Amino acid sequence: MSRRVAAYAVCVENERVLLARYVSPYGDGSWWTLPGGGVDPGEDPFDTVTREVAEETGYESVVERLLGVDSRIVPAAERRIPGDVDHQNIGIFYAVRITAGTARPEPNGETAESVWTPISEVPTLDRAALVDIGVALAQTRPPTGHVPPVEIGPLVRY
């Protein structure tokens, strides 16, 4: 099984969440996600999340608290580029506050834009499951740091 550890920023202000529009380098479309990404070897996920926010959105940020961790298995046949093995995504979600900057696309990257989106509109968007997980963690702040799995469907993808 392959594995990826990533850190994600859940930035919520005035009933809006900061979303990033990811454009797939594989030519299979674009969808909304949370700012964040893979933890580099030797990097602390706490540092990853603020680095990724800056890279993807142009904003400076600070971590306010750990919200939780999500682990999900993507079966080999359902991977974006089907592989020989199942894949485990481990997402670490942080409540993050934007402190400065202006939204901009990621230079030479896969984030086309960042938008403050009303939380009430999230269910209507083509989005990654991690958006629903991050919003649920921010809204409920479960003591275990865990929310029920999100079902993959027409508007929700791995």
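Taken together, the values in this text are just the output of simple stated rules run on the coordinates, not laboratory data. Quick caveat, the model's predicted, so the values are computed rather than measured. Don't worry about glycine lacking a Cβ; one is built from the backbone with ideal geometry, like all the others, and counts go over all protein chains shown.
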Estimated D of the chain in µm² per second, where Rh is the Kirkwood radius over Cα pairs and Stokes-Einstein applies at 25 °C, 0.890 mPa s: 156 µm²/s
When the scattering of the range 80-142 is computed by the Debye formula from its Cα atoms alone, each counted once and equally, what is log10 I(q)/I(0) at q = 0.13, 0.18, 0.29 Å⁻¹? -0.55, -1.00, -1.32
For the range 115-132, Karplus couplings with θ = phi - 60° (6.51, -1.76, 1.60), whole Hz, Gly/Pro x: 9, 7, 10, x, 4, 5, 8, 3, x, 8, 9, 6, 8, 7, 4, 5, 5, 4
Please label the shape of the range 1-53 as rounded, prolate or oblate, based on the square roots a ≥ b ≥ c of the eigenvalues of the alpha-carbon gyration tensor (a/c under 1.5 means rounded; beyond that, a/b larger than b/c means prolate, else oblate). oblate
Each label sits 7 Å from Cα toward the beta-carbon; between Arg141 and Asp86 the label points are separated, in nm, by 3.4 nm
Rounded to the nearest 0.05, what FRET efficiency do Arg3 and Ala103 give with R0 = 35 Å and r taken as the Cβ-Cβ distance? Could you check? 0.65
From phi via Karplus (6.51, -1.76, 1.60), per-residue ³J(HN,Hα) for the range 20-33 in Hz, x at Gly/Pro: 10, 8, 7, 10, 5, x, 8, x, 9, x, 9, 7, 8, 8
Taking the Cβ of Glu113 as the centre, find all other residues whose Cβ is under 13 Å away and add up their charges (Lys, Arg: +1; Asp, Glu: -1). -1
So what's the back-of-envelope 222 nm ellipticity for the chain, counting only DSSP H runs of four-plus at -39500 (n - 2.57) apiece and dividing by all residues, rounded to 500? -5000 deg cm²/dmol
Förster radius 30 Å - calculated FRET efficiency between Asp47 and Ala77 (Cβ-Cβ, nearest 0.05): 0.30
